[in-house]
1. Only one residue in 29, 52 is modelled with pLDDT under 85, buried (at least 16 other Cβ atoms within 10 Å of the Cβ) and of a type outside the set (Gly, Ala, Ser), so which one is that?
2. Does any residue in region 95-116 that is closer than 11 Å to residue 62 by Cα come within less than 6 Å, Cβ to Cβ, of a residue that is open to solvent by less than 50 Å² (accessible area, probe 1.4 Å) and at pLDDT 80 or above six or more places away or on a different chain, and which pairs are these?
3. I'd like the full set of residues that are surrounded by 11 or more Cβ atoms within 10 Å (Cβ to Cβ) and over 20 Å from residue 37 (Cα atoms), limited to region 77-90.
4. Name the single residue that is farthest from the chain's Cα centre (by Cα) among those in region 7-47 being over 21 Å from residue 64 (Cβ atoms) and hydroxyl-bearing (Ser, Thr, Tyr).
5. Could you say which residue among 47, 25, 60, 37 is in contact with a Lys or Arg (Cβ under 7 Å, 6 or more places away or on another chain), closer than 23 Å to residue 106 by Cβ and aliphatic (A, V, I, L, M)?
6. With the condition kept exactly as written, say whether any residue in region 72-88 is among the aliphatic types (A, V, I, L, M), within 30 Å of residue 114 (Cβ to Cβ) and either assigned to a loop (DSSP other than H, G, I, E, B) or at pLDDT 80 or above (or both).
7. From the list 16, 68, exactly one residue is in a helix (DSSP H, G or I), farther than 20 Å from residue 100 by Cα, at pLDDT 80 or above and open to solvent by 70 Å² or more (accessible area, probe 1.4 Å). Which is it?
Amino acid sequence: MKNKISFIICSIIVIISNLLMISPINNGVEVGSNIFIIVLTLFLLPIFFKAVDFKQTSFIRLESSALIVLSTLSIMRLINRIIPIPDIVNFLFIVIALGMGISLLAASFINIKNKK
């Protein structure tokens, strides 16, 4: 994901899936987390663009992976609200997402420590 169009496509997927979970496919579930994800995506998108413009490859790799995980989880949550997915599949995706999130955070901390 070294060009801006990749970030735009992932961000659009995240925003549209969360907007669909807010209004048409709500099922009486709280919408606060969906709004938080939308705001977070809109906040991080300009930061991604600056990283692409300045060719900060380590920053781009970590954050693009996080954005892909976020878009995958948003799509999974949307599908789960439309058609209930078995618990074992949900648990598997949660474990994978948590593992990737923890490893991305650790890599980010290592990057920050190495730059100081």
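The values are calculated or read from the model by the stated rules, or taken from the named source; none is laboratory data. Since this is a predicted model, take the numbers as computed values, not measurements. Quick reminder, even Gly has a Cβ in these numbers, built from the backbone with ideal geometry, and neighbours come from all protein chains shown. What goes into the accessible areas is simple: the full protein's heavy atoms, side chains included, and nothing from ligands, DNA or RNA. Shrake-Rupley method; radii C 1.70, N 1.55, O 1.52, S 1.80 Å.
1. 52
2. If the second residue must be open to solvent by less than 50 Å² (accessible area, probe 1.4 Å) and at pLDDT 80 or above, the pairs left are 100/69.
3. Initially, region 77-90 is screened for residues surrounded by 11 or more Cβ atoms within 10 Å (Cβ to Cβ), giving 77-82, 85, 89-90.
Passing the criteria: 85, 89.
4. So the first thing to find is which residues in region 7-47 are over 21 Å from residue 64 (Cβ atoms), and the list is 19-35.
If we keep only those that are hydroxyl-bearing (Ser, Thr, Tyr) as well, we get 23, 33.
Details: 23: 20, 33: 13 Å.
The selected residue is 23.
5. 60
6. Yes, some residue in region 72-88 is among the aliphatic types (A, V, I, L, M), within 30 Å of residue 114 (Cβ to Cβ) and either assigned to a loop (DSSP other than H, G, I, E, B) or at pLDDT 80 or above (or both).
7. Details: 68 fails: farther than 20 Å from residue 100 by Cα.
Going through 16, 68 in turn, just one is in a helix (DSSP H, G or I), farther than 20 Å from residue 100 by Cα, at pLDDT 80 or above and open to solvent by 70 Å² or more (accessible area, probe 1.4 Å): 16.
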